[in-house]
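Heads up, the thing below is written out as structure tokens.
The values are calculated or read from the model by the stated rules, or taken from the named source; none is laboratory data. Bear in mind the structure is a predicted one, so any value in this text is a computation, not a measurement. Side chains included, ligands, DNA and RNA excluded: accessible areas come from the protein's heavy atoms. Shrake-Rupley method; radii C 1.70, N 1.55, O 1.52, S 1.80 Å.
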Amino acid sequence: MKFLCVGCDEVMSFAERQLPGDGTMAAVFTCAKCGREVAMLTNPMETQLVSSLGIRVGGREVPEQPLELVRSELAAGRADAFDDVAPAAPDVRATPGGAGRVEWSDDAQQRLANVPGFVRGMVKRIYTDYARERGIARITPDVMDRARRDLGLEGM
Ligand SMILES: [Zn+2]
């Protein structure tokens, strides 16, 4: 994982990392050319995700977190790994209506596009599951707000 200073087209170098111990992580990258700083903050779930992927941040791997995620599924690294490519696949949580397919409104998709690529598939899956479990057929920014509140995902 690298950060690129868009203005300079320069790979930013790792400057500082903090793992406060509450599951969150903060990593700072700086551009050697213009001095711009970028901080990456992850909540406990994202830290776990980064950790489970074995992504190296600042030259060292993030220490293994206690909670195991779906490593094998993530290891494939496909952006669409969490997409509903197989609607026929058994899903015990399918709504009584049986539709299963959840639609994303344009502005909800826009918002999803702002999520960093390496967690976007997972975030999308979280919202999709949330909607499906509640029989919500269409995900809007309003649904995303509700899901974040209900699931304690503020900041995602
Ligand atoms: Zn720069």
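Sorting Arg132, Arg149, Arg120 by accessible area (1.4 Å probe), largest first, what list results?
So the residues, ranked largest to smallest area, are Arg149, Arg120, Arg132.
Got a number for the accessible area of Glu133? Probe 1.4 Å, square angstrom, nearest 10.
100
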